[in-house]
Amino acid sequence: MKFTNYIFDLGGVILDINMQNALDGFKNLGVPEEELRFDEGPTAKIMQEYQLGRLTTEDFCDAIIARSIASTKPTRQQIVDSWNSICLNIPQRKIDALRVLKTQANVFLLSNTNELHWKYCLDHWFNVGKGVYGPNNLNDCFHHVFLSQEMHLEKPDPEIFIRTFQKIFTLTTSDLPNAENTVFLDDNKANIYAAASCGISTIHVTPEHNWVTNLI
C-alpha cells in the first residue's frame, strides 16, 4: 500500500545502533554498574532530560561526570565519545532509498534523539558521502525532521504524535494524517502502539523487515 506521508524513526530503523555501547563506556569511566540502565535511576534520568532538550550538551556531560566514582574524573570528551558510540552506521542504501521515496511522497523523521547524536548523524552520514544519486544531503531525505530535543516531548507520549500530525498538515496539501494516508515506521513496540492509537497506520521494523525493499 502506498501512502502520502511516511514518518520514520531514526535509531533502529535508519541508523544502526548499539545502546549497550554507551553503558559500557560509562562503566569504564567510573559510573557505578547499578546505575547503568536506560529505564530508571539517576543516570537514566540524565539521559532522558538530555533527550528532551532540558540539558545542554555541557550539562549532560557534567552530570554524567558527577556520577563517576573513578579516582580520576572523566573528561567531557570521553563522555561524548562513549555516548556517540551508540551510533554505528547509516547504510548508504537507506539514504538512497529515502531520496527516492521523497520524490514520490512526503517523508518525515520523528526521533527521540539529542544534540550529540543528531550532529553525529549529520556529520558522518546525512550530509557527507555520496550515493547513486549524488552527494548526501539531509534535505534530499526528508521534508521535515521532528526531534524530541527540539519539541521537548518524546515517544511514546501521544502528544508528540499529535503535534507532528498538526505540523505535517500545515506543511503539505494532504488531509490531516490518518490511517489511509500516513504510515509510521519504528522498531519500538510502545511507539508503534502509541502512533496507532492516534489513528495512523504503522509498520513495526524488525531485523527481518527490509523497509528499503518493501517501500521503494
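Give me the 1.4 Å probe accessible area per residue for the chain, excluding ligands and nucleic acids, in Å². Let's see the in-between values first.
Numbers: 10360 Å² over 216 residues.
Accessible area per residue: 48 Å².
Once the trypsin sites (Lys or Arg not before Pro) in DSSP loops with at most 15 neighbouring Cβ atoms within 10 Å are cut out of the chain, the longest remaining piece is 55-216.
Once neighbouring chains are kept in place and the probe is 1.4 Å, which whole percent of the accessible area of region 94-216 is contributed by carbon and sulfur?
51 percent
Between rounded, prolate and oblate, where does region 80-157 land on the alpha carbon gyration tensor, with a ≥ b ≥ c its root eigenvalues, rounded for a/c under 1.5, else prolate if a/b exceeds b/c? Don't jump to the answer; show the numbers that get you there.
On the way: a/c = 2.40, a/b = 1.26, b/c = 1.91.
In terms of gyration-tensor shape, oblate.
Ordering 174, 196, 57 by Cα displacement along the dipole of the chain toward the positive end leaves 174 in first place; charges were set at the Cβ atoms of Lys, Arg (+1) and Asp, Glu (-1).
The share of accessible area on region 1-70 that comes from carbon and sulfur is 48 percent, using a 1.4 angstrom probe.
Given R0 = 25 Å, the distance between the Cβ atoms of residue 170 and residue 138 translates into a calculated FRET efficiency of 0.75. Here is the size of region 1-120 from its Cα atoms: Rg then Dmax, 16.8, 58 Å. Counted over all Cα-Cα pairs of region 109-210, pairs farther apart than 24 Å make up 30 percent.
Please state, rounded to one decimal and in Å, the Kirkwood hydrodynamic radius that region 76-117 gives when every pair of distinct Cα atoms enters the mean of 1/r. Display every interim value, and only then the final one.
On the way: mean 1/r = 0.0791 Å⁻¹.
So the Kirkwood estimate lands at 12.6 Å.
Charged side chains reduced to their Cβ positions (Lys and Arg at +1, Asp and Glu at -1) give the chain a dipole of some 520 debye around its Cα centre.
Viscosity 1.567 mPa s, temperature 4 °C: give me the Stokes-Einstein translational D for the chain in µm²/s, with Rh taken as the Kirkwood radius over C-alpha pairs. Let's see the in-between values first.
On the way: Rh = 18.1 Å.
It comes out at roughly 71 µm²/s.
The values are calculated or read from the model by the stated rules, or taken from the named source; none is laboratory data. Since the structure is predicted, the reported quantities are computational estimates derived from the model, not experimental observations. Note: ideal-geometry Cβ built from the backbone for every residue, glycine included; neighbour counts use all protein chains shown. Calculation scope for accessible area: heavy atoms of the full protein, side chains included, ligands and nucleic acids excluded. Shrake-Rupley method; radii C 1.70, N 1.55, O 1.52, S 1.80 Å.
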